[in-house]
Amino acid sequence: MKISDRVVFFLLLLVALPAWVGEGWYLIVPPLKSGQAFSSHAIYNYTNNDFDLKSPLSKWVQIGTFGTAADCEASINKGFETSTNLYKEYKKKKEEAQNAGNKVQADIYEQLRAELSIENTYYFARCVASDDPKLKP
């Protein structure tokens, strides 16, 4: 193993090890009401009506693991920021398409904007310690 590989391996261990030994933090979201599998790739398409907010934490879905609570909270803040920026971008593109007389394109951006609720996944996301007893079934 080359020295650069060892350094990368060591850095990965420093980041990942706290979660393995019960000292990490999980970014979790409530399960979907529909019972469907949660997809982190569609994270911005879920709205408040899609989640089972009364579900116990043991049934919530883990979408991230972090070494510190601060890193976990920063991820939530980044999610809000991304969501807000996309919302504004879609609104602007919709208006541009309307001004250009392109109704089809405007409708597409309106649909994207409507699906991108600011009250999306990150609104309900929580950071919990990996050893929190409420996570146990």
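Taken together, the values in this text are just the output of simple stated rules run on the coordinates, not laboratory data. Remember, it's a predicted structure, so these values are computed and weren't measured experimentally. FYI the Cβ positions are ideal-geometry reconstructions off the backbone, even for glycines, and counts take in every protein chain you see.
Summary of values
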read-out	value
All lysines inside 21 Å of Lys94 as judged from Cα atoms, apart from same-chain residues fewer than 8 positions distant	Lys103
Residues Ser55, Ser75 arranged by fewest to most Cβ contacts within 10 Å	Ser55, Ser75
Charge sum, other residues only, whose C-beta stays under 14 Å from Asp132's C-beta, Lys/Arg counted +1 and Asp/Glu -1	+2
Fewest-first ranking of Lys91, Lys134, using other Cβ atoms within 10 Å as the exposure measure	Lys134, Lys91
Pairwise FRET efficiency - Asn77 versus Asn99, Cβ, R0 = 35 Å, nearest 0.05	0.60
